[in-house]
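Before anything else, here's the structure in question.
The values are calculated or read from the model by the stated rules, or taken from the named source; none is laboratory data. No experiment lies behind these values; they were computed from the predicted model shown. As a convention, Cβ positions derive from the backbone with ideal geometry for all residues, glycine included, and neighbour counts pool all protein chains shown. Ligands, DNA and RNA are stripped out before the accessible areas are found, and what is left, the full protein with its side chains, is counted by its heavy atoms. Shrake-Rupley method; radii C 1.70, N 1.55, O 1.52, S 1.80 Å.
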Amino acid sequence: MPHDLISLRDLSKSDIERYLKLAAKMEKNLYKSQSLLKGRILGTLFFEASTRTHLSFQTAAKRLGMEVVVFNPETSSASKGESLSDTIKIIDGYADVIVIRHAAEGSARHAADVAEHPVINGGDGGNQHPTQTLIDLYTILKEKKKISGLNVHLVGDLKHARAMRSLLYGLAMFGANVTLASPKGLEMDSDIIEEVKSRFGPHLRIRQDIALADADVVYVCRVQKERFADPYEAQKVQAQFRITAKMLEGAKKGMILLHPLPKVDEIPPEIDSSPHARYFQQAKNGVPVRMAVLCDCLGKK
Ligand code: NCD
């Protein structure tokens, strides 16, 4: 059945397992899948900046034999004042599936209500980023062969990062022990923590510093400066909360370091060649995972 993908809240563990299994199949047949969605059109509706999500969705679509129509907010009628609902209705009339990214929380859910075709959330403000979480879980499983029982540290701006909010759901659902490490003032919202606790009862620790000794996975994100009222505040915390080569010296041998990217200076470039770094592989996994998402959302087994 064709369906939307809006939030981790809507997914069961078996839904996620289905996506991950299909993604593994897609990765194996990356160059042999060109006819699976031939003749279908993906419409991309990105109102916020994107490199990986936008390009990997386009790559995934093309690998499946799809065509892509790309909306640009700066050169489209959104710049003349057209409403979001009208824009969605128009793309819905052209494309078979829509990926939307917008700064407003709830915008993807709104798009799904307005559109008849499946809508995929490519990030709605600080709220949710479900396809990123599927990539993250896929990468962790590929690298560590399990998720349950792993010590996973989420490090950075947990208040504003949608990738972290979605991932906390996924990790808790799969039984990881999660440490939430953020600078003061950028903690994960307490209502989200309470919701995750009551649904999944995870082992959760909260700290205001970075201590990686017991970590199997360290997942870092940048300070989301576009969501701050005062950019100077963002700059200040950005300088305080960084992974250093020294910190990695005390890490477990098999610890993997992930990041949804873009990284700014929370991970310095010399760490890219460390045996712990896996964020470029993680980004590459975006293609098979998003191929799986396009197939599943279009009801293609
Ligand atoms: C993330 C996002 O847009 O939420 N990027 C991504 O999709 N890989 C992370 C970020 O912008 O910090």
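Just to be sure I understand, how many residues within region 66-90 are open to solvent by 20 Å² or more (accessible area, probe 1.4 Å) and either within 27 Å of Ala23 (Cα to Cα) or touching a Phe, Trp or Tyr at 6+ places or on another chain (Cβ under 7 Å) (or both)?
The total comes to 6.
Let me ask something additional. Residue check: is Lys159 basic (Lys, Arg), open to solvent by 20 Å² or more (accessible area, probe 1.4 Å), within 13 Å of the ligand (Cβ to nearest atom) and more than 12 Å from the chain's Cα centre (by Cα)?
yes
Let me confirm something: among Ala95, Ala78, which residue is touching a strand residue (DSSP E or B) at 6+ places or on another chain (Cβ under 6 Å) and over 22 Å from Asn285 (Cβ atoms)?
Ala95
Moving to a separate point now. Just to be sure I understand the filter: pairs with C-beta atoms under 6 Å, separated by 6 or more residues or on different chains, first member in region 246-274 and on the phi > 0 side of the Ramachandran plot, second member more than 16 Å from the ligand (Cβ to nearest atom) and in a strand (DSSP E or B). Which pairs pass?
none
Considering only residues that are at pLDDT below 95 and open to solvent by 70 Å² or more (accessible area, probe 1.4 Å), look in region 14-48 and name the one that is farthest from the ligand (Cβ to nearest atom).
Ser35
Of Pro130, Pro118, which residue is over 15 Å from Thr53 (Cβ atoms) and open to solvent by less than 20 Å² (accessible area, probe 1.4 Å)? Spell out the reasoning first.
Values: Pro130 fails: over 15 Å from Thr53 (Cβ atoms).
It is Pro118.
Would you mind telling me which numbered condition in (1) over 25 Å from Leu8 (Cβ atoms); (2) at pLDDT 95 or above Lys184 fails?
(2)
If you don't mind, there's one more thing I want to ask. Enumerate the pairs (first residue in region 209-231 and within 17 Å of Ile271 (Cα to Cα) and of a type in the set (Ser, Thr, Tyr); second residue anywhere and within 16 Å of the ligand (Cβ to nearest atom) and assigned to a helix (DSSP H, G or I)) with beta-carbon separation below 8 Å, excluding pairs fewer than 6 apart on the same chain, so at least 6 apart or on different chains.
If the second residue must be within 16 Å of the ligand (Cβ to nearest atom) and assigned to a helix (DSSP H, G or I), the pairs left are Tyr219/Asp136; Tyr219/Met164; Tyr219/Leu167.
So, one more: With the checklist (1) over 18 Å from Asp10 (Cβ atoms); (2) without any contact (Cβ under 8 Å) to a residue 24 or more places away in the chain in hand, flag the one item Gly106 doesn't pass.
Answer for Gly106: the failing condition is (1).
Here is a list: Leu258, Leu248. Which entry is within 16 Å of the ligand (Cβ to nearest atom), surrounded by 15 or more Cβ atoms within 10 Å (Cβ to Cβ) and modelled with pLDDT of 95 or more?
Going through Leu258, Leu248 in turn, just one is within 16 Å of the ligand (Cβ to nearest atom), surrounded by 15 or more Cβ atoms within 10 Å (Cβ to Cβ) and modelled with pLDDT of 95 or more: Leu258.
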